[in-house]
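Asker: My questions will all concern the structure given below.
The values are calculated or read from the model by the stated rules, or taken from the named source; none is laboratory data. A quick note: this is a predicted structure, and the numbers were derived from the prediction, not measured. Backbone-built Cβ (ideal geometry, glycine too); neighbour counts: all protein chains shown. The area values use the complete protein model at the heavy-atom level, side chains included, leaving out ligands, DNA and RNA. Shrake-Rupley method; radii C 1.70, N 1.55, O 1.52, S 1.80 Å.
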Amino acid sequence: MARINDVGGMTGFGAIDTTDDAEPFHADWEARVFALQRALLVRKIFNLDEFRDAIETMPPGAYLAASYYERWLYAIRTLLERKGVIEEGALDHA
């Protein structure tokens, strides 16, 4: 099944910017999302396959509008809700 993230061979997305960006994070919250994802993996709350799948289930419009770490945050939230670690919607007003 083709998902929005599977754009191999598609046209219309413009050139890929390949300039080297020395900064791994552009905002503090991105570093926190990275650390949270790593901690949840180590604790085996989810695995990388589940994480990737959760990113790929983002609605197409949201996926295209989201930054790299916004997609990670979506996946973390989705998996925590799916696995009953947090109640669905618990982070809606956070």
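Asker: Quick test for you: out of Gly8, Gly61, pick the one residue that is modelled with pLDDT under 90 and either in a loop (DSSP other than H, G, I, E, B) or over 11 Å from the mean Cα position of the chain (by Cα) (or both).
Answerer: Sole residue among the options that is modelled with pLDDT under 90 and either in a loop (DSSP other than H, G, I, E, B) or over 11 Å from the mean Cα position of the chain (by Cα) (or both): Gly8.
Asker: Sticking with this structure for a sec: Scan the stretch 18-66 residue by residue and report those that are small (Gly, Ala, Ser), in contact (Cβ under 8 Å) with a residue 12 or more places away in the chain and either touching a strand residue (DSSP E or B) at 6+ places or on another chain (Cβ under 6 Å) or open to solvent by 40 Å² or more (accessible area, probe 1.4 Å) (or both).
Answerer: The answer is Ala62, and nothing else.
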